[in-house]
Amino acid sequence: MPVHTSPRHSVRVWSWCPATWAMLLVCLFPAAMLAGCAAPQLGGSPQVRVIPADSLPEPGGADTLSDERPYLIGPFDRLTIDVFGILELSKREVQTDASGRFSFPLAGVIQAAGKTPAEVEQYLRSKLMQAHIRDPQVTVNLKETGSQFVTVEGQVRKPGLYPVVGKMTLLRAIATAEGTAEFARLDEVVVFRTVEGQKYAALFNLKAIRRGAYADPDIHANDVVVVGDSASRRLFRDVLQVVPLLTTPIVVALQNN
């Protein structure tokens, strides 16, 4: 740090490289640095068993299906319906209306909202049998959901509405939105939910869930997931962007008395 003097002025010249500025910034954020250096602790939830990585067992067929949640048909869903052996009733695409109903030949209006595709199959089968069709084999498949969505927004890479088909959890919902963004605050993830007209909000710590401190919570259709924003991380990034510009000496002139 060279110092130059003159008869009238004492001029001090500081030549700080970007690395020096970075060290200064580190001193301004000691808590953040200590938190980043702390070793994460796994486990804590009674439902989570922590084992060595090389001892993690492989799931069986039943394990991959056991946590699937049956899909309930809702308004504006698109369904594909087939009645085996009857060409006029096969490969028919229908869409439920705002009340979750649709019309089908020989069966009339079908109330599908709140039912699974398998339940609609049985209901359609009974209606077609009443229309004197002998032993109809009915298949109902979901083609496109128009009602079962979760909203993921805030500090995620791709905010938006995502369909809920099968079991959805908080980690899966955020992964569907392509993960958290650069300034996400992982300990400030809020889930908004309305149950029987009552609005609820729950706060979750994504980092703790990833460590197994507690179970990954279920996410349901119409939930809103909001990932918080870390203002300190954003400020830190903005300051670091300025550091490379400080490559010339800072000159301060001190007037002699």
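The values are calculated or read from the model by the stated rules, or taken from the named source; none is laboratory data. As the structure is a computational prediction, the values presented were derived from the model and not from experiment. Ideal geometry is used to build each Cβ from the backbone, glycine not excepted, and the neighbour counts take in all protein chains shown.
Of note:
- Candidates are the residues of the stretch 102-117 that are surrounded by 14 or more Cβ atoms within 10 Å (Cβ to Cβ) and of a type outside the set (A, V, I, L, M, F, W, C); the one that is nearest to Asn141 (Cα to Cα) is Pro117.
- Of all residue pairs spaced 6 or more apart or on separate chains, those with beta-carbon atoms under 8 Å, a first member in the stretch 73-84 that is surrounded by 23 or more Cβ atoms within 10 Å (Cβ to Cβ) and a second member that is among the acidic types (Asp, Glu) and modelled with pLDDT under 90 are Asp77/Glu144.
- Qualifying positions in the stretch 139-185 - farther than 23 Å from Asp77 by Cβ and touching a Phe, Trp or Tyr at 6+ places or on another chain (Cβ under 9 Å): Gln155, Leu170
- Ala181 falls short of the stated requirement of being at pLDDT below 90 and in contact with a strand residue (DSSP E or B) (Cβ under 7 Å, 6 or more places away or on another chain).
- Selection status of Ala215, modelled with pLDDT of 90 or more and either aromatic (Phe, Trp, Tyr) or within 27 Å of Pro70 (Cβ to Cβ) (or both): no
- Considering only residues in the stretch 118-163 that are acidic (Asp, Glu) and within 20 Å of Thr96 (Cα to Cα), the one that is surrounded by the fewest Cβ atoms within 10 Å (Cβ to Cβ) turns out to be Glu144.
- Considering the stretch 164-213, and only residues there that are hydroxyl-bearing (Ser, Thr, Tyr) and without any contact (Cβ under 8 Å) to a residue 40 or more places away in the chain, the residue that is surrounded by the most Cβ atoms within 10 Å (Cβ to Cβ) turns out to be Thr176.
- Qualifying residue in the stretch 124-131 (condition: over 37 Å from the mean Cα position of the chain (by Cα) and charged (D, E, K, R)): yes
- For the stretch 143-162, a tally of residues being in contact (Cβ under 8 Å) with a residue 60 or more places away in the chain and in a strand (DSSP E or B) returns 9.
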